[in-house]
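Following: one structure in structure tokens, then a few remarks.
Only the coordinates and a few stated rules stand behind these numbers; no lab work does. What you are looking at is a predicted structure, and each value in this text was computed from that prediction instead of being measured.
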């Protein structure tokens, strides 16, 4: 492994909980090397799983963003309906 430390930081724990593979690859190869693999170029077959991981996390992030916007739309819709009901009661 590239850099062995005596302690594990809170950031490393968070990385491990998010994706144990990501944590392992960063520990083994280093952050700079891993980010270099994101560049679109011809990769070795040994890093095909790394590429699959990047694709998975990008799709996961897009799905999370979609869910977040749907949640905001539902909350906004409920508030709008409640305001309309309140205004109708006041006008009666």
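Summary table
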read-out	value
Computed Kirkwood radius, in angstrom, where 1/r is averaged over Cα pairs of the range 44-92	14.1
Extension gain from residue 88 to residue 58, taking 0.36 nm per residue of separation minus the Cα-Cα distance	6.3 nm
